[in-house]
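Shown next, in structure tokens, is the structure this report addresses.
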Amino acid sequence: MEGRNSPLLFAILLLGIAILYIPILVLIAYSFNASSLVNVWGGFSTAWYGQLLHNRQVLEAALLSVEVGFVASTGAVIMGTLAAIALIRFNAFPGRLLLTGMVNAPLVMPEIITGITQLLLFVSMLQLLSWPHRGFTTIVIAHVAFCMAYVAVTVQSRLQSADRSLEEAAMDLGASPARAFIDVTLPIIAPALLSSWLLSFTLSLDDLVISSFVSGPGAGTLPMVIYSKVKLGVSPDINALASLIICAVGVCVIVAGVVMRRTERRRMLEVQAAGR
Amino acid sequence: MALKISFAETAARVPPFTEILHVSPDHRLHLSLSFANYKYLFTDEVYGVAYLYSLRTAFFSTLICLALGYPMAYAISRASKSVQSVLLFVIILPFWTSFLLRVYALEGIIRDNGLLNTALLHLGLIRHPLHIMRTSLAVYLGIIYSYLPFMVLPLFATLEKLDHTLREAAADLGSPPWRVFSEITLPLSVPGIIAGSMLVFIPAVGEFVIPSLLGGPDTLMIGRVLWDEFFGNHDWPVASAVAIAFLVLLVGPIAIYQYYNARQLEA
């Protein structure tokens with residue numbers, strides 16, 4: 001907690017942070033390099049950003065990724081919240097342990113395993129039910145499945161700290177359980193829902209391995225396009241694209257973080273005021 | 001409803017045996033064919049080598065992450081409250097940014113004409129560029145760089161909850177700082193060490209993007225073998241067998257992680 005950090009500890013901390021940030025900063029610097037040679041500085045230029053706007057493959061992939069991200073993270077928030085409520089509110093029901101394990105499994109399961117197993121599931125479903133066809137639908141389903149684990153964990157911790165008696169009071173005063181949930185519980189867990197939606201969105205936007213397995217012909221998400229380009233070698237327009245994505249995500253996370261902290265602080269003040 | 005969804009998920013995570021056969025090229029052969037795939041794993045030594053290489057790489061990267069991450073988490077936990085939240089944010093931010101792009105960014109540093117080599121050449125420390133790309137070293141660097149936040153955060157969570165009066169008591173009773181650390185702080189932070197190590201180790205074993213982009217032909221990690229088997233050779237049954245064998249290998253670490261995680265939630 002309190003106390004001084006020794007210079008050595010501080011140095012290691014700085015080193016760690018430097019390791020985390022230097023590559024990203026260098027990448028952003030390169031993206032403004034006028035020269036297409038990666039090791040020569042040819043002056044400041046935004047030409048690569050302009051070129052991106054004319055790259056149809058990248059634009060289409062970006063659009064697809066954003067669409068998938070929106071649908072999948074919304075689905076994941078709904079399902080993950082339901083799972084979290086089931087796990088927090090009902091102490092014993094058949095399959096509780098199984099559900100806990102399954103909700104947590106995607107957090108630690110290597111993506112490549114998740115990807116291959118989901119693909120096999122979709123393929124056999126297609127044979128049996130002739131649905132779903134590989135493409136947008138399968139990517140969304142797969143993303144919902146792995147994002148809902150993160151949602152469930154986030155919402156669970158929020159629900160755990162929430163005051164159950166508020167909901168009970170509402171029901172004592174005549175609110176139906178659904179009404180009590182919507183008017184009392186939902187506002188309490190709203191910050192968790194927002195942050196887990198954002199987390200799901202970035203996870204979905206970033207996913208390469210699972211998408212590659214479950215997507216069909218013609219459905220290439222942005223990470224898939226980036227991967228195949230990077231595989232071919234370093235290209236300056238990818239630097240520009242990467243910088244754009246990193247900055248967009250960075251700004252979103254910082255805004256979300258500030259908003260979260262502010263609501264948290266307000267809540268603390270309210271709690272303190274109520275306690276007086 | 002949540003239960004219903006979760007059942008769909010089980011099927012997704014662990015496909016039944018028959019499903020693996022469902023996609024096998026030969027529908028008529030059942031169990032016998034599936035065993036042939038597993039046998040194949042033992043006869044072709046590529047798989048054994050890849051499993052061992054993956055485990056070794058993941059193990060040593062985890063150790064290095066721990067060696068770097070522990071002091072970081074410790075320093076953050078001892079900082080003042082306002083500095084703490086800023087530092088935590090700084091650690092979490094890369095975790096949100098794209099994994100693929102960060103690996104790509106690292107390539108910009110370590111490739112033959114990258115920043116590191118250019119700087120070293122200019123300083124006159126080396127005559128010829130260091131070949132880091134396409135070697136095991138690049139894979140190690142990639143894993144450490146990508147997974148460091150996963151190590152720091154659980155360690156910080158444990159260290160922060162630590163009862164600091166214990167440390168003070170030990171110091172008051174005359175223990176030198178290093179003994180306070182080795183006999184109080186370190187043993188009490190074991191759950192965090194285990195959680196962080198598992199969070200790095202498990203995904204690192206199955207890592208695909210890092211060995212594929214930074215590694216060379218000799219960095220055969222199991223994730224890459226699986227990918228090549230699947231997309232390159234289109235041999236789905238063998239790829240499935242590789243995946244299942246891999247999963248069996250990871251059951252232990254995953255179980256340890258879940259156990260400590262559950263205990264920490266209860267505490």
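The values are calculated or read from the model by the stated rules, or taken from the named source; none is laboratory data. Fair warning: this is a prediction, and the values are worked out from it, not measured in the lab. Here the Cβ is made from the backbone with ideal geometry for all residues, glycine too, and neighbour counts use every protein chain on show.
For the range B:81-91: of the residues being more than 7 Å from chain A (Cβ to nearest Cβ) and not basic (Lys, Arg), which is surrounded by the fewest Cβ atoms within 10 Å (Cβ to Cβ)?
B:Ser82
On the given criteria, is B:Ser146 in contact (Cβ under 8 Å) with a residue 60 or more places away in the chain and more than 13 Å from chain A (Cβ to nearest Cβ)?
No; evaluated as a whole, the condition is false for this residue.
Rundown of residues vs (1) at pLDDT below 80; (2) within 24 Å of the chain's Cα centre (by Cα), yes/no style:
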site	(1), (2)
A:Met102	yes, yes
A:Gly115	no, yes
A:Ser124	yes, no
A:Leu129	yes, no
A:Thr137	no, yes
A:His143	no, yes
A:Phe146	no, yes
A:Ala149	no, yes
A:Val155	no, yes
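List every residue pair whose Cβ atoms sit under 7 Å apart, with the two residues 6 or more apart in sequence or on different chains, where the first one lies in the range B:86-103 and is under 19 Å from A:Gly69 (Cβ atoms) and at pLDDT 85 or above and the second, anywhere, is of a type in the set (Asp, Glu) and part of a helix (DSSP H, G or I).
Going by the 7 Å Cβ cut-off, the qualifying pairs are B:Leu100/A:Asp206.
Are any residues in the range B:167-184 hydroxyl-bearing (Ser, Thr, Tyr) and assigned to a helix (DSSP H, G or I), and if so, which ones?
B:Ser182
Is it fair to say A:Asp183 is free of Cβ contacts under 8 Å to residues at least 24 places away in the same chain and more than 14 Å from chain B (Cβ to nearest Cβ)? Give the steps one after another, and end with the answer.
Details: free of Cβ contacts under 8 Å to residues at least 24 places away in the same chain: yes; more than 14 Å from chain B (Cβ to nearest Cβ): yes.
Yes: the conditions hold for A:Asp183.
Pick from the range B:229-255 the residues that are surrounded by 15 or more Cβ atoms within 10 Å (Cβ to Cβ), more than 10 Å from every other protein chain (Cβ to nearest Cβ) and of a type in the set (A, V, I, L, M, F, W, C): which of them is farthest from the chain's Cα centre (by Cα)?
Only one residue tops the list, namely B:Val238.
Per-residue answers, yes or no, for (1) under 19 Å from B:Leu52 (Cβ atoms); (2) at pLDDT 85 or above; (3) buried (at least 17 other Cβ atoms within 10 Å of the Cβ):
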site: B:Lys161; (1), (2), (3): no, no, no
site: B:Pro176; (1), (2), (3): no, yes, no
site: B:Thr185; (1), (2), (3): no, yes, yes
site: B:Leu188; (1), (2), (3): no, yes, no
site: B:Ile193; (1), (2), (3): no, yes, yes
site: B:Met198; (1), (2), (3): no, yes, yes
site: B:Glu207; (1), (2), (3): yes, yes, yes
site: B:Leu213; (1), (2), (3): no, yes, yes
site: B:Thr219; (1), (2), (3): yes, no, yes
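Scan the range A:54-71 for residues that are modelled with pLDDT of 90 or more and of a type in the set (Asp, Glu) and report the count.
1
Can you tell me which residue among B:Leu214, B:Leu250, B:Leu226, B:Leu220 is in contact with a Lys or Arg (Cβ under 9 Å, 6 or more places away or on another chain) and aliphatic (A, V, I, L, M)?
B:Leu214
Quick check on my filter: what residues within the range B:185-206 are outside any helix (DSSP H, G or I) and either touching a Lys or Arg at 6+ places or on another chain (Cβ under 7 Å) or within 15 Å of B:Arg263 (Cβ to Cβ) (or both)?
Correct list: B:Ser189 only.
Does B:Ser98 qualify as being within 8 Å of another protein chain (Cβ to nearest Cβ) and under 30 Å from A:Leu222 (Cα atoms)?
Considered against the rule, which asks whether it is within 8 Å of another protein chain (Cβ to nearest Cβ) and under 30 Å from A:Leu222 (Cα atoms), B:Ser98 comes out as yes.
Considering every residue within the range A:210-218, establish whether at least one is away from chain B (no Cβ under 14 Å) and closer than 30 Å to A:Val58 by Cα.
Going through the range A:210-218, the residues away from chain B (no Cβ under 14 Å) turn out to be A:218.
This time we only want the ones that are closer than 30 Å to A:Val58 by Cα, so: A:218.
Scanning the range A:210-218, I find at least one residue that is away from chain B (no Cβ under 14 Å) and closer than 30 Å to A:Val58 by Cα, so the answer is yes.
Show me the helices (runs of 4 or more DSSP H) entirely contained within the range A:26-143 in which 2 or more residues are of a type in the set (A, V, I, L, M, F, W, C) and either within 11 Å of chain B (Cβ to nearest Cβ) or within 24 Å of A:Leu194 (Cβ to Cβ) (or both).
A:56-89, A:96-108, A:111-129
For A:Gly220, state whether it is under 23 Å from A:Ile116 (Cα atoms), touching a Lys or Arg at 6+ places or on another chain (Cβ under 7 Å), in a loop (DSSP other than H, G, I, E, B) and not assigned by TED's automatic domain parsing to the domain that holds A:Tyr30.
On the way: under 23 Å from A:Ile116 (Cα atoms): yes; touching a Lys or Arg at 6+ places or on another chain (Cβ under 7 Å): no; in a loop (DSSP other than H, G, I, E, B): yes; not assigned by TED's automatic domain parsing to the domain that holds A:Tyr30: yes.
No, not satisfied.
Kindly indicate whether any position in the range B:117-132 is more than 10 Å from chain A (Cβ to nearest Cβ) and under 19 Å from B:Phe60 (Cα atoms).
Among the residues of the range B:117-132, at least one is more than 10 Å from chain A (Cβ to nearest Cβ) and under 19 Å from B:Phe60 (Cα atoms), which makes the answer yes.
Taking the options B:Ile64, B:Ile76, name whichever one is over 27 Å from A:Phe201 (Cα atoms), in contact (Cβ under 8 Å) with a residue 24 or more places away in the chain, of a type in the set (Val, Ile, Thr) and surrounded by fewer than 22 Cβ atoms within 10 Å (Cβ to Cβ).
One residue alone meets the criteria, B:Ile64.
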